[in-house]
2 protein chains.
Amino acid sequence: MMSAAAARTDGPANFSWVNPAVPASERHLETHEPLVHEGDDTHYFYEVLEGIVSSYKIFADGRRQIVSFAFPGDLIGFSQGNTYRYDCEAIAPSRVRALPKTSLLRSIRERPEIGEKLLALAAAEVAYFEDHSINLGRKSALERIASFLLNIIERAGFGDAESVKLQLPISRLDMADFLGLTIETVSRSMTKLRTRGIIELPQTTTLVVSNMDRLRDLAECDEECP
Amino acid sequence: MMSAAAARTDGPANFSWVNPAVPASERHLETHEPLVHEGDDTHYFYEVLEGIVSSYKIFADGRRQIVSFAFPGDLIGFSQGNTYRYDCEAIAPSRVRALPKTSLLRSIRERPEIGEKLLALAAAEVAYFEDHSINLGRKSALERIASFLLNIIERAGFGDAESVKLQLPISRLDMADFLGLTIETVSRSMTKLRTRGIIELPQTTTLVVSNMDRLRDLAECDEECP
DNA sequence: CGTGAGGTTGATCGCTTTCAACGGAGGTGG
DNA sequence: CCACCTCCGTTGAAAGCGATCAACCTCACG
């Protein structure tokens with residue numbers, strides 16, 4: 001089994017390449033501490049260095065949908081126009097680096113390869129959303145959970161392992177609001193995965209996937225008897 | 001009431017700016033005619049000139065999810081890596097222009113503003129998917145339909161009108177597979193909008209929105225009694 | 001040891017799906 | 001010209017999955 005500590009030796013990608021001359025200030029965020037609010041001017045992009053930052057929308061009647069999770073290496077804000085379209089807040093203790101938007105965009109003119117890199121990043125994000133919309137549109141609760149866990153595992157670099165153990169610092173509520181479900185359904189799906197022998201949950205934040213193949217089958221909707 | 005014919009006088013955006021020297025060949029597509037298949041090499045991007053092209057995934061058990069509709073002015077393929085991740089086909093008679101991928105990307109080096117323009121395009125696409133994931137994750141069937149119709153209307157440039165009449169060359173099945181619903185639910189939702197006096201359907205492909213405000217309320221989930 | 005937040009489990013409800021029948025528009029051939 | 005057929009959309013009845021309401025559990029923390 002691979003352990004989470006072993007993989008990230010290379011560390012996440014970072015945007016120091018953007019422009020060494022650009023002033024970039026770091027900021028620490030506690031769990032549930034907001035980073036930006038809907039309507040804020042997009043003066044800065046934020047690179048996540050540590051932790052997880054969510055962006056979400058809350059309806060007038062209280063419904064909430066988490067639009068995305070930003071993990072270390074991810075960039076927040078470039079999909080926005082002049083103002084942020086969603087609230088963003090940390091869902092775990094996090095560290096972010098603020099990058100002035102204007103100087104980042106200006107540097108594209110001087111160094112086209114930056115534009116290319118940002119374009120690749122944007123393309124990856126579009127691809128991610130395409131897959132996610134398939135999850136939300138056509139997969140059952142159990143399949144969504146399986147897809148989500150698998151995706152977390154792949155992002156952490158354990159996609160090829162047969163079994164995996166890692167920390168999952170995402171609450172049931174956050175998972176639910178990201179996957180378009182309720183906490184109860186998330187909880188029940190996790191138990192179902194557990195009783196089927198696909199995962200173990202020593203603690204609620206520790207995830208052990210003992211059978212990656214069956215998790216993949218579920219996520220890809222290739223399961224014989226769902 | 002605004003009519004559909006009146007608005008598009010300026011015509012859709014196009015990519016002739018990319019590189020006049022780039023050979024770009026046009027292609028006509030009949031309804032249901034495939035453009036690319038999952039796994040195809042991404043040799044070309046395609047700009048939609050006319051009609052609507054869908055990209056979608058079909059599961060082993062027959063479930064289908066349409067990931068996106070590409071309207072005139074939209075670019076297909078830049079979210080992909082070296083191979084297309086989804087099937088694409090026309091859902092209405094369409095015309096597309098093939099743009100060689102390599103020369104398009106090479107031109108970024110020579111003319112950084114092209115990278116900027118593509119980046120803006122990608123950002124808009126991400127923003128679109130963010131909103132769509134809210135639709136799929138948290139909105140009811142009726143609210144999804146309302147959001148979808150409103151979005152079509154806004155794309156056509158009638159977002160500010162009080163009432164609108166336009167052609168809707170998208171079948172119930174395509175709407176259903178895009179919104180994560182079934183044809184029956186789409187049909188029932190459309191009749192519900194009709195009986196509530198929000199829309200009229202002279203023919204199944206002709207949409208008249210008589211009360212844009214109430215459509216907006218529904219789409220934004222601000223309705224008093226849903 | 002009390003308290004509160006987060007998670008699990010059970011019972012019931014309701015929206016969407018599923019299964020089924022019907023209707024209208026367009027096309028084809030007798 | 002009309003019978004027939006097929007495709008697409010609509011409507012009805014029943015079933016099912018996830019939501020809702022509610023109780024209980026666990027653990028961290030004061």
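Looking for something closer than 30 Å to A:Asp217 by Cβ and either more than 14 Å from chain A (Cβ to nearest Cβ) or at pLDDT below 95 (or both) - is there at least one such residue anywhere in the stretch B:87-96? Looking through the stretch B:87-96, at least one residue is closer than 30 Å to A:Asp217 by Cβ and either more than 14 Å from chain A (Cβ to nearest Cβ) or at pLDDT below 95 (or both).
Listed residues B:Arg196, B:Arg144, B:Arg214, B:Arg172; which is surrounded by 16 or more Cβ atoms within 10 Å (Cβ to Cβ), among the basic types (Lys, Arg) and out of contact with any helix residue (DSSP H, G or I) (no Cβ under 7 Å at 6 or more places or on another chain)?
B:Arg214
Scanning the stretch A:165-197 for residues that are away from every other protein chain (no Cβ under 14 Å) and in contact (Cβ under 8 Å) with a residue 60 or more places away in the chain yields A:Lys165, A:Leu166, A:Gln167, A:Pro169, A:Ile170, A:Ser171. Among the criteria (1) crowded, with 22+ Cβ neighbours inside 10 Å; (2) touching a residue at least 24 places away in the same chain (Cβ under 8 Å); (3) of a type outside the set (A, V, I, L, M); (4) out of contact with any Ser or Thr (no Cβ under 8 Å at 6 or more places or on another chain), the one B:Glu162 does not fulfil is (1). In the set (1) part of a loop (DSSP other than H, G, I, E, B); (2) more than 7 Å from chain A (Cβ to nearest Cβ); (3) over 13 Å from A:Ala127 (Cα atoms), B:Gly81 fails one condition alone, (3).
So, B:Ala124, is that one more than 16 Å from B:Ile66 (Cα to Cα) and under 14 Å from the mean Cα position of the chain (by Cα) or not? Criteria met by B:Ala124. Of the numbered criteria (1) under 21 Å from A:Ser68 (Cα atoms); (2) within 14 Å of DNA strand C (Cβ to nearest atom), the one A:Ala219 fails is (2).
For B:Lys139, state whether it is within 12 Å of DNA strand C (Cβ to nearest atom), away from chain A (no Cβ under 14 Å), more than 25 Å from B:His32 (Cβ to Cβ) and not hydrophobic (A, V, I, L, M, F, W, C). When the stated conditions are applied, B:Lys139 does not pass them. Inside the stretch A:198-216, residues that are near DNA strand C (Cβ under 9 Å from one of its atoms) and within 14 Å of chain B (Cβ to nearest Cβ) make up a count of 0.
Within the stretch B:58-78, which residues are more than 8 Å from every other protein chain (Cβ to nearest Cβ) and within 20 Å of B:Lys117 (Cβ to Cβ)? Correct list: B:Ala70, B:Phe71, B:Pro72, B:Gly73, B:Asp74, B:Leu75, B:Ile76, B:Gly77.
Condition check for B:Ala127 on (1) in a helix (DSSP H, G or I); (2) within 16 Å of DNA strand C (Cβ to nearest atom): one failure, at (2).
The values are calculated or read from the model by the stated rules, or taken from the named source; none is laboratory data. What you are looking at is a predicted structure, and each value in this text was computed from that prediction instead of being measured. Cβ atoms come from the backbone with ideal geometry, glycine included; neighbour counts cover every protein chain shown.
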